[in-house]
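Colleague: Got a structure for you, questions after.
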Amino acid sequence: MYTAFISDTIVALATPPGVGAIAVLRLSGPQAIAITDQVFQGKKLTDAPSHRAYVGFIVDGDRSLDEVVVTLFRGPKSFTKEDVVEISCHGSPYIAREIAQLLIRQGARPSKPGEFTQRAYLNGRFDLAQAEAVADLIASDSLASHQMALQQMRGGFSKEIQQLRTQLIHFASLIELELDFSEEDVEFADRTQLRQLVVEIKRVIDRLVQSFALGNVLKNGVPTVIVGKPNAGKSTLLNTLLQEDKAIVSEIPGTTRDFIEDELTVEGVTFRFIDTAGLRETVDKIEAIGVQRTREKMSQAALILYLFDVNTTSEKELIRDLEELKSLEIPYLIVGNKVDTFEEVQLEKFHNFDGIIYISAKRENGIEEMKQRLLETINYESLRNNDTLVSNLRHYDSLRETRAALEEVLTGMDARLPGDLLAQHIRQALFHLGSITGEVNTEDLLDNIFSKFCIGK
Amino acid sequence: MFPEYDVIVVGAGHAGCEAAAAAATMGSRVLLCTMNMQTIAQMSCNPAMGGVAKGQIVREIDALGGLSGIITDKSMIQFRMLNRSKGPAMWSPRAQSDRMLFAWEWRLALERIPNLDIWQEMVSGLVIKDGRIAGVRTGLGIEIPGKAVVLTNGTFLNGIIHIGQKQFGGGRTGEKAATGITEQLIELGFESGRMKTGTPPRVDGRSLDYSKMEEQAGDDNPEKFSFDPQTKPLTQQRSCFITYTNTAVHETLKEGFDRSPMFTGRIKGLGPRYCPSVEDKINRFADKERHQIFVEPEGWDTVEIYVNGFSTSLPEDVQYKALTKIPGFENVRMYRPGYAIEYDFFPPTQLQLTLETKLVQNLFFAGQINGTTGYEEAACQGLMAGINAHQNVHGKEAVILKRSEAYIGVLIDDLVNKGTEEPYRMFTSRAEYRILLRQDNADIRLTGIGHQLGLASDDRLHRMQQKVKGAQELVEKLKEIRVAPDIANPVLEANDSAAIRERSGLYQLLKRPTVTLEHFAAAVPEIKSTVAAYEQEMVEQALIEVKYRDYIDKEEQMAKKMIALENLSLNPNFNYDSIPTLSIEAREKLKRMKPQTLGQASRISGVNPSDISILMIYLGR
């Protein structure tokens, strides 16, 4: 009965947010298996038997995001009675988010609060008492999400989106004006002007969409990886930065075995140090920096802190490692450690390298300077000063849909598509933007038209 | 003296005439009450039918078996298809009518319907027994029994006419207002409000100098409104003329502002923003130096002219003086001054989607008393009210058109769910499925429904089916035709479209916006002969199918989702307070509006998607 409008596939994190051993993403809907299949390297899922787990990789083009376990539950034998897929990935919020975004780009939609449970209910899984609990959840979440939306709107987001909405309404009304009031004695905007207006609106949306990655970084912390040879002093540096004895430090290379994820806040920006232990096996030899698995680990980072021991590292080694770092195209900072046991003049051998920062993690020398350089490396100033950031996945999704519709508008204008068909794309754009700003209805358009143009015989 | 009627219709304007004709044709015994038999189907405003969105409505009325399309065809003096340069969803038929002929044709049509009686008298009250309608009471004190009543009082309920500082009761100039009904309805618990509209002066065409105006002729190949072949397109037409106001006109009008009932606050009712008086235009858009004036002939033979665009309630001397400043009007002789009229309406949120009132069973409202403006808007409501009054009385299922099915569905759904603050006029932008609701396919959309009700003839149904079949056949044939680059490229180049490198399907090429079938037919004899085997209507339908399939698909999908919500009915008496998780605003609105389906609930402002989710859960599965 409800299948007609439960026709889309939803995705959400099924485990609590934050760091854990594993995280589980869940998809439900007719396309759940097909969408997962598109990004899963392993068994062909569309033909695979139900209620079985499959090991493989989640890949985004050439980039491998994580090694995962995928479990299939074909409807109706599933939680929602629809096709359900559960993806168990490593328990980093960053990885889970990356995978979720990938699935959304493949056609899934971020679920609304309580939506899995709601589908389960509508498909006949629960009784009314349980259903009422779901209703409570939806109601309280919708209330909370309003407050959250306010909190989540960093910088001028809300204002910028409002401006965008006004501009888009203006554009839509110019098109509608030509359609409904073609007989009126008003001046219609020419196509070049209209095109310019769409390009302008799209430019703003582009920037907002791009800011999502940065916005996330600021909201959830900058994922930072410390790499370097064993015994370069990674754990000592981490302890110094965090000022607490979280990592086990010893003189024996490779003693940092436990999963360490911790946060450092510099002037309001959080740096999240991820999974340094995971590098152990591959960083045994520095050549291993080029090894696939290390690359994968590092590609999850938004910032790489490359640490070397100034006493034992040769110029040649440094050149080779830096080339590797550059090829990753992720901002990095080169830090020479253990200046404590070293004569300053001998730093000469690194004078051909720009931007090295020298510290003694043990004696806590140069740490403050290094923190400042962390901020500079992620270009924090430019973020703080001008630009609006999108940090909410639902907003991100809506903006992307808005942009896609606007692209259709531009293509249509270039192909000289008649206004009523253009209007269909514009309505799509307004609809998607409206999911952030509140619905745009015909009255909004007509109000705009009547206030700006003298209409009527 | 009177039998018990199945349906009594009060008022014989566009709404009343359609209501009476529909109910009687379907088999009800019908009485049409009018204050004056000489003014049946009088066009109170400009002598024209159709236009953007409105033309689509007339085509829908016609497809359902209403009479407005046929009457317009029989009385038109000019036909234009507006928006020809835009996509097919925007093509909108519009006709200039002979005002007297239009009314005359309606009267003849009504007289030809066997079980339709007419009674000339003012209805001053309703007879209500146990919450149901039982008949009407007239000015002479006669009680006429009826099982259902359709009120279509137009602007007559407590109508007040304003010209300058003069004001007097009236439903139209020269006609009495109707009293009594509003008061009784308020006593019954109805809410009422005041609206305002206006008309321009009428002048003697012999006093105008047309050489100073632009001519606006009808189409070279005029079409018509009705799908029924009994009416024919015009072979000769009359032109309209266009002229403009100027600053001298504006200055003259301003001299009368201190005597304007609009600006002095005498008029309290809210007028439409899209149909402003000329004083409103120059007041609100002060920087605009001129406004368009359409000089519209009132008929084939009469010299009377309707000065469209010059609606005003300024004193008659100011009207006259300002008119003389308009190019071509220097020696104008005025027949009747323009005026504004205020009248009672009943906020349409008090209605069900059948146009039956929520408060009184078998009492229906249609037309301007529901807060709409326009002949077409009124006529289609009358038709639906007439249909549903008949269905109710005979214990048959209600007829409700969906938003994805007809502009009529959009109009009634908007009125009932959203209400209206100003006189409601249809715009294509109000329809979310605009590409589905075209004038060319109104018959395909609605003839089936009209036929089932006994309104549309077998012949109409058959013709519609032939049209669909022919179009489908032609589409299949077009899909098979492939053209070589040396033949296609000259055609494509001539139309600014990219050349092809290898043999391509005609079907795909025709999807390009600037490429038409005529271009190819002219260049390729095979295509020409294929197309020539089909009637024009079929070819048009096939081409729209080819060019716009993707867009049509998209809207059909959206419509399907909405229909799923539409099929979930709500109990109008459900106690929304029993769901504390609904937002307070949603609870209040739902209690007041009593939506009949979940889809309807979703369109009420203040009811959010989360509220709908919650309602869905309580609806169960």
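Read-outs throughout are calculated quantities, based only on the coordinates presented, and are distinct from any laboratory measurement. Computed from a predicted model, the values in this text were never measured in an experiment. Cβ coordinates were reconstructed from backbone atoms using ideal geometry, including for glycine residues, and neighbour counts include every protein chain displayed.
Colleague: Could you check the spin-label model distance between B:R512 and B:D287? Points 7 Å from the Cα along Cα→Cβ, value in nm.
Modeller: 4.2 nm
Colleague: How charged is the neighbourhood of A:I175? Take every other residue with its Cβ under 13 Å from the Cβ of A:I175, and add Lys/Arg as +1 and Asp/Glu as -1.
Modeller: Working: positive: A:R191, A:R195, A:R427, B:K86, B:R434; negative: A:E176, A:E178, A:D180, A:D190, A:D420.
With Lys, Arg at +1 and Asp, Glu at -1, the neighbours total 0.
Colleague: As a test, work out the antiparallel percent of DSSP beta bridges whose residues both lie in the protein assembly as shown, rounded to the nearest 5.
Modeller: Numbers: 87 of 125 bridges.
Of all bridge pairs located within the protein assembly as shown, approximately 70 percent are antiparallel.
Colleague: Let me ask you something else. Could you tell me the distance between the Cα centroids of region B:194-222 and region B:570-611, to the nearest Å?
Modeller: 48 Å
Colleague: Output wanted: per-residue J couplings in Hz (rounded whole) for region A:357-364, from phi through Karplus 6.51 cos²θ - 1.76 cosθ + 1.60, θ = phi - 60°, x for Gly and Pro.
Modeller: Running phi through 6.51 cos²θ - 1.76 cosθ + 1.60 with θ = phi - 60° gives 10, 9, 9, 10, 4, 5, 8, 6 Hz.
Colleague: Here's another thing I want to ask about it. What is the order of B:W300, B:W91, fewest Cβ neighbours within 10 Å to most? Provide the component values of the computation, followed by the final result.
Modeller: Working: B:W300 13, B:W91 22.
Ascending Cβ contact count within 10 Å gives the list B:W300, B:W91.
Colleague: So which aspartates and glutamates pass the test for B:K166, namely a Cα distance under 15 Å, with those fewer than 8 places away in the same chain ruled out?
Modeller: In chain and number order, the partners are B:D258, B:E316, B:D317, B:E342.
Colleague: Could you let me know the centre-to-centre spacing of region B:233-278 and region B:14-67, using Cα atoms, in angstrom?
Modeller: 27 Å
Colleague: So, one more: Within straight cross-link reach of B:K418, meaning Cα distance under 13 Å, which aspartates and glutamates are found once same-chain residues fewer than 8 apart are removed?
Modeller: A:E443
Colleague: With +1 on each Lys and Arg Cβ and -1 on each Asp and Glu Cβ, and nothing else charged, work out how big the dipole of region B:1-120 is about its Cα centre, in Debye to the nearest 20.
Modeller: Numbers: 11 positive and 10 negative charges, 131 e Å.
Around 620 debye, computed over region B:1-120.
Colleague: Placing unit charges on C-beta atoms (Lys and Arg positive, Asp and Glu negative, everything else neutral), compute the dipole magnitude of region B:202-338 about its Cα centre in debye, rounded to 20.
Modeller: Numbers: 19 positive and 22 negative charges, 104 e Å.
Once rounded to the nearest 20, the dipole reads 500 debye.
Colleague: Additional query: Run down the aspartates and glutamates and flag those whose C-alpha is under 14 Å from the C-alpha of A:K43, throwing out any fewer than 8 positions away in its chain.
Modeller: List returned: A:E67.
Colleague: Inside 10 Å of the C-beta atoms of B:81-90, what's the mean count of C-beta atoms belonging to other chains? All intermediate terms of the calculation are to be shown ahead of the outcome.
Modeller: Details: counts 0, 2, 8, 1, 4, 7, 9, 3, 7, 9.
Across the residues of B:81-90, the mean count of other-chain Cβ atoms within 10 Å is 5.
Colleague: Any idea how many Lys pairs in region B:202-338 come in under 22 angstrom at the alpha carbon, given 8 or more places apart or on separate chains?
Modeller: Lysine pairs meeting both conditions in region B:202-338 amount to 14.
Colleague: Something else now. Per residue of B:271-282, count partner chain C-beta atoms within 10 Å of its C-beta, then hand back the mean as an integer.
Modeller: Per residue, the number of nearby Cβ atoms from other chains is 3 on average.
Colleague: Take peptide A:174-184, look around each residue's Cβ out to 10 angstrom, count Cβ atoms belonging to other protein chains, and average those counts.
Modeller: Numbers: counts 0, 1, 3, 1, 4, 12, 13, 4, 8, 9, 3.
Averaged over the peptide's residues, the number is 5.
Colleague: Let me ask something additional. Pairs of lysines 8 or more apart, or on different chains, with alpha carbons under 16 Å: count those in region B:473-562, would you?
Modeller: Values: B:K477/B:K511; B:K477/B:K528; B:K477/B:K547; B:K479/B:K511; B:K479/B:K528; B:K479/B:K547; B:K511/B:K547; B:K511/B:K554.
Lysine pairs meeting both conditions in region B:473-562 amount to 8.
Colleague: Given the peptides A:185-196, B:5-16, B:543-554, arrange them by the average over their residues of other C-beta atoms within 10 Å, most packed first. It would help to have the intermediate numbers written out before the result.
Modeller: Numbers: A:185-196: 13.2, B:5-16: 29.8, B:543-554: 17.3.
Ranked by mean Cβ neighbours within 10 Å, highest first: B:5-16, B:543-554, A:185-196.
Colleague: Could you work out how far apart the two model spin labels at B:N573 and B:A499 are, taking each label as a point 7 Å from the Cα in the direction of the beta carbon, and quote it in nm?
Modeller: Calculated label separation equals 7.6 nm.
Colleague: Arrange B:T514, B:T138 by Cβ neighbour counts within 10 Å, fewest through most, would you? It would help to have the intermediate numbers written out before the result.
Modeller: Numbers: B:T514 13, B:T138 17.
Final ranking by Cβ density, sparse to dense: B:T514, B:T138.
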